[in-house]
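Report on the following structure.
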Amino acid sequence: MPDLPLLFTPLKIRGVTLPNRIAVSPMAQYSANNGYPVTHHLLHYGKFAQGKAGLIFVEATAVTRTGRITNGCLGLWEDTQINAFKPITACMAANGSVPAIQIGHGGRKSAMQRPWHGNGPPGAEDEARGDEIWQPVGPSATPLDEGWLKPRKLSETECVGIASDFADAAKRAIAAGFKAIEIHMAHGYLLHSFLSPLSNFRNDRFGGTLDSRMALPVLVAEQVRKAVPDDTPLFARLSCIDGGDEGWSMDDSVALSHKLKNAGVDVIDCSSGGNSPKGATNANLKRGPGYQADFARRIRHETDIMTQAVGFIRTGEFAEELLQQQKADIIAVGRQYLYNPNWALHAAEALGLTGDFEQWPVQYAWWLEKWQKGLKSSEQWEL
Ligand SMILES: Cc1cc2nc3c(=O)[nH]c(=O)nc-3n(C[C@H](O)[C@H](O)[C@H](O)COP(=O)(O)O)c2cc1C
């Protein structure tokens, strides 16, 4: 029996074993009802579970109501929301996937428009559609850009309170059946805006030096670690660089990863950008296949922590290559999953692991196997 491809070699993190190293990257659906999931969420996440993704991250879920990025973002800011997530976690678990969730706070980008309404600051048209607009909070009273909402600067006491909000949301996530938690420290949202000198102009416990800019994200990691069972894997997603000549750098990300490891984080999920209006979702990087994977490689090698690579990873062969090159321990796939919810099953086939639909849901496999044979024997047909 030849060695399994790394992509399909199980990975144990604390008490949880991922059946493969394929993660569905967190992808906001902007469709929640006052923080509560709707039918779309169950179908959306259920498809990936049926498609045998090893680890499925539920999208950025707000730890406070005003920490929602948009009016359509999910939330776990109150206990009544717990039960609403249970069908999603149950569906993932029943199909063999590990249910995971990203918890976050939008910071100065909170209350922004859904992508298809403009992806910018909210305005009268959004209010007319029924969306609420509220004043966001941030490390400083500096908006993302001209025309964006001016955030209110958080006091030191409020910063400590934010760490408790993350811890409380993490407890609720565990009660809802999630087995792994990711803290959102990327893309210009609250925790990233504390890290970056482009957005943090404080001079106190939570800003000034690099160490004090890192203090709130590290406190959040410590509090979340304490709030969840010991056997729960904890991930942190970083924007490894801000993307311009100035701002948060790779050296800073390495320093932070050391601290997060000490705080009990198990995996650094390596993304980039989002803290400036020009790269609202990503850094000013030349995007090509695996364009962020070298961030994952460097953090993995310099801090001896597991990493997750993400960004334009489209084929099973390429995902396997990144793992073989020891750039990361887990491969997260985003838009390719929207395109093909059976991505893991197709990757298994491409890597020669299965040719007879053995890993597909039995309800499909029985038919597809015969269908394929039929197709082969009918190649002479004009279709
Ligand atoms: C529809 C959509 C929603 C997203 N929402 C989130 C999110 O909630 N949290 C996050 O960290 N990244 C989010 N992202 C970024 C993805 O997780 C991923 O990092 C990015 O799309 C790059 O990977 P890809 O090239 O495989 O799509 C989102 C991306 C898309 C396309």
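Observations, loosely collected:
- Most mobile of 271, 31, 239 in a GNM of the chain (Cα contacts under 10 Å): 31
- Residue-wise HN-Hα coupling along the stretch 212-226, computed from phi with Karplus coefficients 6.51, -1.76, 1.60 (Hz; x: Gly, Pro): 6, 5, 7, 4, 5, x, 5, 4, 4, 4, 4, 5, 5, 4, 5
- Among 229, 151, 197, the residue with the largest mean-square fluctuation in a Gaussian network model of the chain, with springs joining Cα atoms closer than 10 Å, is 229.
- The chain: most fluctuating residue of 307, 70, 232 per GNM, C-alpha cutoff 10 Å: 232
- Remark on residue 120: its backbone amide H falls under 5 Å from those of 113, a criterion applied only to residues 5 or more positions apart or on other chains, H modelled at 1.01 Å from N.
- FRET efficiency, 1/(1 + (r/R0)^6) with R0 45 Å, evaluated for residue 128 and residue 4 via beta carbons: 0.25
- Chymotrypsin sites (Phe, Trp or Tyr not before Pro) restricted to DSSP loop in the stretch 81-189 with at most 14 other C-beta within 10 Å: 134
- Per-residue ³J(HN,Hα) for the stretch 92-98, Karplus 6.51 cos²θ - 1.76 cosθ + 1.60, θ = phi - 60°, Hz, x for Gly and Pro: 5, 5, 5, 9, x, 8, 8
- Loop GluC sites (Glu not before Pro), the stretch 229-324, which have at most 13 other Cβ atoms in a 10 Å radius of their Cβ (DSSP): 246
- Given the chain, longest segment not containing exposed loop trypsin sites (Lys or Arg not before Pro) (DSSP; at most 14 other Cβ within 10 Å): 1-128
- Principal-axis tilt of helix 293-303 within the chain, Cα atoms, nearest 10 degrees: 70
- 5 angstrom amide H check on residue 54, placed H, neighbours 5+ away: 20, 22
- Between residue 201 and 140, the built amide H atoms are under 5 Å apart, and every one of these is 5 or more places off in sequence or on another chain.
- Relative frequency of Cα-Cα separations exceeding 36 Å in the stretch 6-352, percent: 12
- Cα-only Debye scattering, the stretch 1-155: base-10 log of I(q)/I(0) at q = 0.09, 0.17, 0.20 Å⁻¹: -0.36, -0.97, -1.16
- Other residues within the sphere of radius under 13 Å centred on the Cβ of residue 350, judged by their own Cβ, net out at -3 (K and R +1, D and E -1).
- Each residue of the stretch 307-322 was assigned a 3J(HN,Hα) from its phi angle through the Karplus expression (A = 6.51, B = -1.76, C = 1.60, θ = phi - 60°), giving 10, 10, 9, 8, x, 6, 9, 10, 10, x, 4, 5, 4, 4, 4, 5 Hz with x at Gly and Pro.
Computed from the coordinates by the stated procedures, all read-outs in this text should not be read as laboratory data. Bear in mind that the values here come from a model prediction, so they are computed numbers and not experimental data. With ideal geometry, Cβ positions are generated from the backbone for all residues, glycine too; neighbour counts draw on all protein chains shown.
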